[in-house]
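What follows is a single structure, written as structure tokens, with notes after it.
The values are calculated or read from the model by the stated rules, or taken from the named source; none is laboratory data. No experiment lies behind these values; they were computed from the predicted model shown. Here the Cβ positions follow ideal geometry from the backbone for every residue, glycine too, while neighbour counts run over all protein chains shown.
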Amino acid sequence: MQATHSAGKKVLLLRPRGFCAGVVRAIDIVKIALDLYGAPIYVRKEIVHNRHVVDELRAQGAIFVNELHEVPAGARVIFSAHGVSPAVRQSARERNLSVIDATCPLVTKVHLEAVRFAQHGYTILLIGHKDHEEIEGTFGEAPANTILIESEEDAERVAVPDPEKVCYLTQTTLSLDETRGIVEILERRFPKIAGPRSQDICYATQNRQTAVKAVAPLCELLLVVGSQNSSNSKRLVEVCQRAGVPSYLIDDRRFLRDEWLEGVRTVAVTAGASAPEHLVQELIDGLREQGFTLVEEVDIVEEDVRFSLPAEVQVPVARLAGPASQPPASA
């Protein structure tokens, strides 16, 4: 990977960026459900953590609620990509709701790991951020067996009933480097600790962080397109900042600030896994207006992951009015 030398100011546009397979699947589920069943379709929490996506789906007839008691009994509800706890599923049954589950399959994998470890009597050290919906769902699978670990300090302090029967799991959208530090502490303190059969941090999170690390030495600024409540987007900013390069998370081009660009000749641009590609292109247009006329795509990893849809929205393509969503820009 070589950056082209030029007298002009340059944008390095990272690939992969933007929508991951779990996000594409979740958005498709809402759009197809609206097409099949008609509005309103209720969605518990934001389907993915991006304000623009949520606003677009709301305009098409989706109604976003925080909890199931806001959904009329007997109505149809979609669970977000971040997953839900067994208590939420039970509440849906009690309210006789028709459920379509848009949980990312990689999040479901972590849930199943939690259930398996709990059934074997393990204490689960769950690495993640307390207020994130994914952690709430995973924690709810085995609350009596689970202890949340948010930092290396937590890892140093945590006490478990039986050091011979302890395991760790992680939120799928964490920083690889930070998580590695926490796991190393846990492995030192609990030599017999078990881990997931394969790493919990998802492929898209890993790939986008790898791309940021690769381009950091080539740029003076990184802009990440994504919403402020997007965990994987925040981690991209942190990864770049740890490499010594200023980085900012912005919802769209309106949040671009002129002072960030002062003295900058090369700016890198990427997007979190729930950010639409059109927002990236609009930001590029804004940078062109600031003199960054040379745009170079930097390919780091090829992505070709796709997830199947749940049975409730598996229909012949001919029944759809049009494509359910734009394909991910990184495909």
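Just checking, which of Lys109, Lys45 is of a type in the set (Lys, Arg), on the phi > 0 side of the Ramachandran plot and in contact (Cβ under 8 Å) with a residue 12 or more places away in the chain?
On inspection, the qualifying residue turns out to be Lys45.
Contact list please: Cβ distance under 9 Å, first residue in region 285-304 and on the phi > 0 side of the Ramachandran plot, second residue part of a loop (DSSP other than H, G, I, E, B) and not basic (Lys, Arg), pairs at least six apart or on different chains.
What qualifies is Gly291/Gly8.
I'm checking my understanding of the structure. Among residues of region 269-290 that are within 13 Å of Val224 (Cα to Cα) and in contact with a Leu (Cβ under 6 Å, 6 or more places away or on another chain), which one is surrounded by the most Cβ atoms within 10 Å (Cβ to Cβ)?
Here the residue is Thr270.
Being among the basic types (Lys, Arg) and either in a loop (DSSP other than H, G, I, E, B) or under 19 Å from Val23 (Cβ atoms) (or both) is the filter here; which residues of region 263-310 pass it?
Listed by number, the residues that qualify are Arg265, Arg306.
Among Ala75, Ala26, Ala114, Ala81, which is farther than 19 Å from Thr170 by Cα, in contact (Cβ under 8 Å) with a residue 12 or more places away in the chain and within 22 Å of the chain's Cα centre (by Cα)?
That would be Ala26, the only listed residue that is farther than 19 Å from Thr170 by Cα, in contact (Cβ under 8 Å) with a residue 12 or more places away in the chain and within 22 Å of the chain's Cα centre (by Cα).
Specify which of the listed residues (Glu289, Glu282, Glu297, Glu312) is of a type outside the set (S, T, N, Q), modelled with pLDDT of 95 or more and closer than 30 Å to Thr179 by Cα.
The conditions single out Glu297.
In the set Thr266, Thr293, which member is over 21 Å from Ile47 (Cα atoms) and surrounded by fewer than 17 Cβ atoms within 10 Å (Cβ to Cβ)?
Exactly one of Thr266, Thr293 is over 21 Å from Ile47 (Cα atoms) and surrounded by fewer than 17 Cβ atoms within 10 Å (Cβ to Cβ), namely Thr293.
Looking at (1) assigned to a loop (DSSP other than H, G, I, E, B); (2) small (Gly, Ala, Ser); (3) buried (at least 17 other Cβ atoms within 10 Å of the Cβ), can you tell me which one Gly244 breaks?
(3)
So for region 64-80 (the condition being basic (Lys, Arg) and over 24 Å from Leu249 (Cβ atoms)), does at least one residue qualify?
Among the residues of region 64-80, at least one is basic (Lys, Arg) and over 24 Å from Leu249 (Cβ atoms), which makes the answer yes.
Which of the residues spanning region 134-183 are farther than 20 Å from Glu113 by Cα and charged (D, E, K, R)?
Selection gives Glu152, Glu153, Asp154, Glu156, Arg157, Asp177, Glu178.
Among the numbered criteria (1) part of a strand (DSSP E or B); (2) hydrophobic (A, V, I, L, M, F, W, C); (3) under 22 Å from Thr170 (Cβ atoms), which one does Val88 miss?
(1)
Can you confirm whether region 208-220 contains a residue that is of a type outside the set (A, V, I, L, M, F, W, C), closer than 28 Å to Arg306 by Cβ, crowded, with 18+ Cβ neighbours inside 10 Å and in contact (Cβ under 8 Å) with a residue 40 or more places away in the chain?
Among the residues of region 208-220, at least one is of a type outside the set (A, V, I, L, M, F, W, C), closer than 28 Å to Arg306 by Cβ, crowded, with 18+ Cβ neighbours inside 10 Å and in contact (Cβ under 8 Å) with a residue 40 or more places away in the chain, which makes the answer yes.
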